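Below is one structure, written out as structure tokens, with a few remarks after it.
The values are calculated or read from the model by the stated rules, or taken from the named source; none is laboratory data. For clarity, every value in this text was computed on a predicted model and none was experimentally measured. Neighbour counts run over all protein chains shown; Cβ positions are idealised from the backbone, glycine included.
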Amino acid sequence: MAELQLKSHRFRDEREADWRRLEALLAKAEKGDARRLSRTELLEMPVLYQQALSSLSVARSISLDQSLIEYLESLCTRAYFLVYGTRSRLGERVVGFFRRDWPLAVRGLWRETLAAAAIMVVGAVVAFILVGQDPDWFYGFIPAELAGGRDPTATADFLRGTLYQPATLKDGLSTMAAFLFTHNSQVAIFAFALGFALCLPTAGLMLYNGCMLGAFLALFSTHGLTVEAVGWLMIHGVTELFAITLAGAAGFSVGWAVAFPGERTRLDAAAHAGRRAALVMAGVVVMLFVAGLLEGFGRQLIREDAVRYAVAFGTGLFWLAYFYLPRRLRAP
């Protein structure tokens, strides 16, 4: 034991000055940024870092005291992020997210996106057929608070009026936008968060969301208002449904990783899938915010069918081009 302590003492005496120097440079840089270091100090940093790594390797190999090993591990970790880590400002990170990170993450989930979209379409078709055959099915798909009086008991004139009712900002459109944004955000978050349960809850949410869409369209279709209803819905629905589909795709990616982790452990596979899915979800929130504005303001203030369809087509074309148009995107 005495010999071991002597070794540790000599080891520290011979190298501690370099460790303290590295620690001082790290402290100086961490108080602001690396630009606070002089040119000489910047050149000195990687040399000291390599020496600290060498000291850590020796300390582990000859089993020196654990406190010294822990100190060197902490010092090397801090130095690694300064020497090799990339430092960017908030503005650069935001630009990088929209220019590169988000589109790449969405593009990487194209299979899951197609699966989520297909499930929603199936739900919409089934609900459309059921409500068309028996209007009472409508109440099983759409809650009363979302229907807002638009149900099978409503007349064609009333339904038409809900599509073209005049509205101004003081009519509560901002409240409507906030409510719908909250509702849609909850659907998207649950679709993502429940994906870990082998994708089943996420698939159920995608199916139910499609059923709501199909029931709504079937109601207006039975009153001869299909074209009008689609325009009223899709002015915001293109963005909203795309966002919910991407949230479902993110949930599917996590659930699939848990069910089939491959060579990784389930925890590692879920974490790996979760990092990409989290990027997608950050963008989904942005899309839902845009959809909430379009739903709460745009579709009420824009009352011409042609303009509504133009907005729907334009937003759809924009999202498809943004995510899937071939262009040079460098992975981070």
Practice prompt. Using the structure shown, decide if ALA269 is surrounded by fewer than 21 Cβ atoms within 10 Å (Cβ to Cβ), in the same structural domain as THR202 (by TED's automatic domain parsing) and on the phi < 0 side of the Ramachandran plot.
Written response: yes
Response to the item:
For LEU219, the lone unmet condition from (1) surrounded by fewer than 17 Cβ atoms within 10 Å (Cβ to Cβ); (2) within 27 Å of ILE129 (Cα to Cα); (3) among the aliphatic types (A, V, I, L, M) is (1)
Discussion item. If the requirement is being free of Cβ contacts under 8 Å to residues at least 12 places away in the same chain, surrounded by fewer than 23 Cβ atoms within 10 Å (Cβ to Cβ) and not aromatic (Phe, Trp, Tyr), which of these qualifies: ARG303, ARG275?
Written reply: ARG275
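Per-residue answers, yes or no, for (1) part of a loop (DSSP other than H, G, I, E, B); (2) in contact with a Gly (Cβ under 7 Å, 6 or more places away or on another chain); (3) touching a residue at least 60 places away in the same chain (Cβ under 8 Å); (4) under 30 Å from PHE323 (Cβ atoms):
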site	(1), (2), (3), (4)
LEU68	no, no, yes, no
ARG78	no, no, no, no
ASP101	no, no, yes, yes
VAL121	no, yes, yes, yes
VAL125	no, yes, yes, yes
Worksheet entry | Test: residue in the stretch 207-222 that is without any contact (Cβ under 8 Å) to a residue 60 or more places away in the chain and out of contact with any Pro (no Cβ under 9 Å at 6 or more places or on another chain) | no
Worksheet entry | Restricting the stretch 52-68 to residues that are surrounded by fewer than 16 Cβ atoms within 10 Å (Cβ to Cβ) and in contact with a helix residue (DSSP H, G or I) (Cβ under 8 Å, 6 or more places away or on another chain), the residue that is modelled with the highest pLDDT | LEU53
